[in-house]
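Step one of this worksheet: look at the structure below.
The values are calculated or read from the model by the stated rules, or taken from the named source; none is laboratory data. Quick caveat: nothing in here was measured; it's all calculated off a predicted structure. In case anyone asks, the SASA skips ligands and DNA or RNA and just uses the protein heavy atoms, side chains included. Shrake-Rupley method; radii C 1.70, N 1.55, O 1.52, S 1.80 Å.
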Amino acid sequence: LGGVIGFLKSNSTASLISGLVFGALIAVTTQYAATHAQGFSLVPAAVCLVLGLIMGSRFLQSKKFMPAGMVATLALAMFVRYTLKYF
């Protein structure tokens, strides 16, 4: 959703593509982790970590919480959740 909003507001194709790619990765890996063995919860955790680090670095550069800071916070929170689920 965020990628589509970024595309509509500022005509950012990169925002649209990255939003769709990360959204699809999270959806597929979370569904796979939910239907398979416990060890697969680290796959969506890794996707959330990568997203959190990318958006965290953008937040540190821009010093604006929206949208990079919020996405980084939520992605890192989900990383913690998936990691705790593994252990």
Potential extension, LYS9-LYS63 segment - 0.36 nm per residue separation minus Cα distance: 17.5 nm
Probe 1.4 Å, accessible area per residue of the chain, Å²: 68 Å²
Taking N as its residue count, the alpha carbon Rg of the chain over 2.2 N^0.38 Å: 1.14
Relative contact order for the chain, counting Cα pairs under 8 Å that sit 6 or more residues apart, in percent: 24 percent
Fraction of accessible area attributable to carbon and sulfur, the stretch 10-87 (%, probe 1.4 Å): 74 percent
Segment ALA34-TYR86, extension gain: residue separation times 0.36 nm, minus the distance between their alpha carbons: 17.6 nm
Largest-first ordering by accessible area, 1.4 Å probe, given options SER10, SER15, SER57: SER10, SER57, SER15
With all protein chains modelled, accessible area of LEU84 [1.4 Å, Å²]: 120 Å²
Amide hydrogen neighbours beyond the local backbone of SER12, cut-off 5 Å, H modeled: PHE7
